[in-house]
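Below: one structure, written as structure tokens.
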Amino acid sequence: MELPRRDRGDQLLAPGAMSALRHRLRGMAQRHDLVTVVACAFDHRTRMLPFIFADTRMAPAGIRAIGSALADSGFPKTRLVLQQWNRRFRPSQMQLDGRIPDLFMVSSMGMHEAACKALVRDARRIDPAHRPLIIVGGSHAVYEPFKVFSADPKDPSGPDVVVTGEEFVFLSLLEAVLSSRAEGESMRSAFARARDTGILDGIPGLVYSLGERDGVAEKLVDTGTQRLLGDLDELPHPVLGYSLLEPPGWGTTLAPSALPAERIRRHSPISSIVMTFGCKFACPYCPIPAYNQRQYRTKSPQRIADEMSRLNDAFGLRHFFGTDDNFFNDHGRALEIAQTLARTEVDGTRLRKRVRWATEVTIHDTLKMKEHLPLMREAGCRGLWLGVEDLTATLIKKGQSVDKTTEAFRCLRAAGICPNPMMMHHDAQPLYTRKGDYGLLNQVRLLRRAGAVTLQVLMIVPSPGSKLYRETFNSGQVFDLVGGRRVDPYMHDGNYVIASHHKHPWMKQLNILASYSYFYNPWWLIVALCRKTNVGDKPVSAQIFGMLGNTQNIRRTLGWAFRLMFRKIKRHTKPPTSPIPLRSVEGTQSIHMTPTVSITIDRVPAAQATS
């Protein structure tokens, strides 16, 4: 189920390709007055540790990137709607600039699938004569695009096209459709002509339907693996996306204007920022290396400093979180970024005095960088999330051990940087062991003693796009029904035990709750209040938010533990399969799924397509 790599030398776009595409679109924008609404799907049932509170206080990078790309390409009539803030938003009632949008887009993660399909379903209620072109993207589309298409005639909730790639793929799709669009023609009509004449087949990173019966697609066509943008400096500036955010509210329609600049910091005090992509490790449960086609991609240190400076100046944003897979992956580049951030000045003031940032790294690379951790602090870094997974390296080996992890955490605390471990619980790991450090609580205690400020503990679940994904289903590990209740997509966030060979899977659920309760509790809050540290009041705030968040975990998952304890479990015997035939442009097997039937991809003549 890993995404395949393109041929060697063909994984990356040619230098300047992204900039040239944006330039061409600016020239086309003068002839096409487009109105676009982009929605970020969000299922509020996922609001639990470790991301509760941050999940609604940080406008996601993906939807902002699409907004920035549209604005930069000459289409500023764009609005970004976050279901985190606007849970009652109804696409069927949306109007922007007094018009039904030409484009309606949804960005979604897999665990927000129900919310994504509900948005698309509602958008399809718009009269076909005025309906916008409906596009779905995000990580859910990247790994399992077939899941957003409905095969049920009673529930026709599929989009017109799915983007399984990044900004370049979407902008290429937009260019192709606009090139086919006649004056006054709808985007849906222009898209249909571009699709039926094969124009879209040369854009890797799309999945679209061919033919429709009773509102359901007859076939799905996959144009293949995207080419990746190598030089991230070619991305549009993120400051553009923030100016397009829909104000938080309880209405079903859009506000007259976007969220004012002076209110952005209030609603999104944390800003996600792209600095690097890629990781040298190839963990079998992780889809990230395959997605990046084993490439490591970065922005220049100067561009990163500029983004932080402009976002701070325009909106007062002070806290940044890097969307890195492993920031220390390239030690030399990490040092260049840190050195640049440490010496950058804005209006005579060091940037490090105005902003703080955090990101993700590994234990192995942190130890390689331990001599430079004071520089990281000087550059404004105040927290690092470390993929510890399992201290004893039984689950996966990434250069971690009890001694190495302890050393890395103590080096971070000595430098004034908060270490925040991310753990994975699995079938073979008990809650506690009397001897050794294998038990979950044993490891949580070791991490606390080593200086951990926060804690993340998730149950290992099947991750689409990873090496282990297919095997977890084929082995009967993944639950389908528990006591007649189906395992819904929102339960795939790692907080619920939904895949296990353990004879008492309910114990795994209670183990997670026990580990959180051990780490976040009133006693450790009192200790944090009394103990002076060189990381300020972070341990205190972490305890307060952790205890509040754990109440949500208990409320949502304790009942699931009892269901696992007393009810019958029905398991999957094979991975999800597309209910609609899915094939490549050539009619061969799709890179995303292998259905049991083959299809012939028929085209209509261009003259008929335009009629």
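The phi-based Karplus calculation (6.51 cos²θ - 1.76 cosθ + 1.60; θ = phi - 60°) puts the 3J(HN,Hα) values of region 221-234 at 10, 10, 8, x, 7, 5, 8, 9, 6, x, 9, 5, 5, 6 Hz, whole numbers, x for Gly and Pro.
Relative to the dominant Cα principal axis of the chain, helix 505-519 is inclined by about 60°. Treating r as the C-beta distance of L529 and R213 and R0 as 60 Å, the FRET efficiency rounds to 0.40.
Distance check, please: which entries in K117/K154; K77/K299; K280/K368 exceed 18 angstrom between their Cα atoms? Provide the component values of the computation, followed by the final result.
Values: K117/K154 14 Å; K77/K299 28 Å; K280/K368 14 Å.
The answer is K77/K299.
Counting 0.36 nm for each residue step from K353 to R294 and taking away their Cα separation leaves a gain of 17.7 nm. Rg and Dmax of region 324-434, based on Cα coordinates, read 15.7, 58 Å.
For the chain, the alpha carbon convex hull comes to 154 Å³ per residue, rounded to a whole number.
Rounded to the nearest Hz, the phi-derived 3J(HN,Hα) couplings of region 524-536 under the Karplus curve 6.51 cos²θ - 1.76 cosθ + 1.60 (θ = phi - 60°) are 6, 5, 5, 4, 5, 5, 8, 9, 7, 9, 8, 10, x, where x marks glycine and proline. The phi-based Karplus calculation (6.51 cos²θ - 1.76 cosθ + 1.60; θ = phi - 60°) puts the 3J(HN,Hα) values of region 540-555 at 5, 5, 5, 5, 5, 5, x, 5, 5, x, 5, 4, 5, 4, 5, 4 Hz, whole numbers, x for Gly and Pro. Here the label points at A428 and N474, each 7 Å from Cα along the C-beta direction, are separated by 2.0 nm in the simple model. The DSSP beta bridges internal to region 185-318 are antiparallel in roughly 90% of cases.
Taking the alpha-carbon distance from K219 and a cut-off under 14 Å, which aspartates and glutamates remain once sequence neighbours fewer than 8 residues away in the same chain are dropped? Cα-Cα hits under 14 Å: D152, D160, D196, E586, D602. One decimal place: the segment S179-F566 gains 133.3 nm when fully extended, by the rule 0.36 nm per residue minus the C-alpha distance.
To the nearest ten degrees, helix 187-196 and the longest principal axis of the Cα atoms of the chain are 80 degrees apart.
Over region 410-508, what lengths in whole Å, largest first, do the semi-axes of the equivalent ellipsoid take, defined as the square roots of 5 times the eigenvalues of the alpha-carbon gyration tensor? Don't jump to the answer; show the numbers that get you there.
Values: eigenvalues 181, 53, 28 Å².
The answer is 30, 16, 12 Å, longest axis first.
At most 14 other Cβ atoms within 10 Å and a DSSP loop assignment: could you name the chymotrypsin sites (Phe, Trp or Tyr not before Pro) in region 217-295 that fit? Let's see the in-between values first.
Values: sites: Y242, W250, F277, F281, Y285, Y291; in loops: W250, F281, Y285.
Taking region 217-295 and a limit of 14 other Cβ atoms within 10 Å, the loop chymotrypsin sites (Phe, Trp or Tyr not before Pro) found are W250.
In the chain, helices alone account for a calculated mean residue ellipticity at 222 nm of -10000 deg cm²/dmol, with every DSSP H run of four or more residues adding -39,500 (n - 2.57). I'd like the orientation of helix 440-450 relative to the chain: the angle between its Cα long axis and the longest Cα principal axis, in ° from 0 to 90, rounded to 10. Its long axis makes an angle of about 70 degrees. Of all lysines in the structure, the ones whose alpha carbon falls short of 21 Å from that of K574, not counting any fewer than 8 places away in one chain, are K147, K467, K503. Backbone amide hydrogens, once placed in the peptide plane, bring V346 within less than 5 Å of L351, excluding anything fewer than 5 places away on its chain.
Each principal axis of region 256-332 carries a Cα extent, and these read 45, 28, 18 Å when sorted largest first.
First measure r as the distance between the Cβ atoms of Y438 and H501, then evaluate 1/(1 + (r/R0)^6) with R0 = 22 Å and state the FRET efficiency to the nearest 0.05.
Details: r = 18 Å, r/R0 = 0.81.
Taking R0 as 22 Å, the efficiency between Y438 and H501 is 0.80.
Fully extending the segment from L558 to R90 would add 165.2 nm, taking 0.36 nm per residue of separation and subtracting the current Cα-Cα distance.
Values in this text are rule-based calculations from the coordinates and carry no lab data. A quick note: this is a predicted structure, and the numbers were derived from the prediction, not measured. A quick note on method: Cβ atoms are made from the backbone with ideal geometry, for glycine too, and the neighbour counts reach across all protein chains shown.
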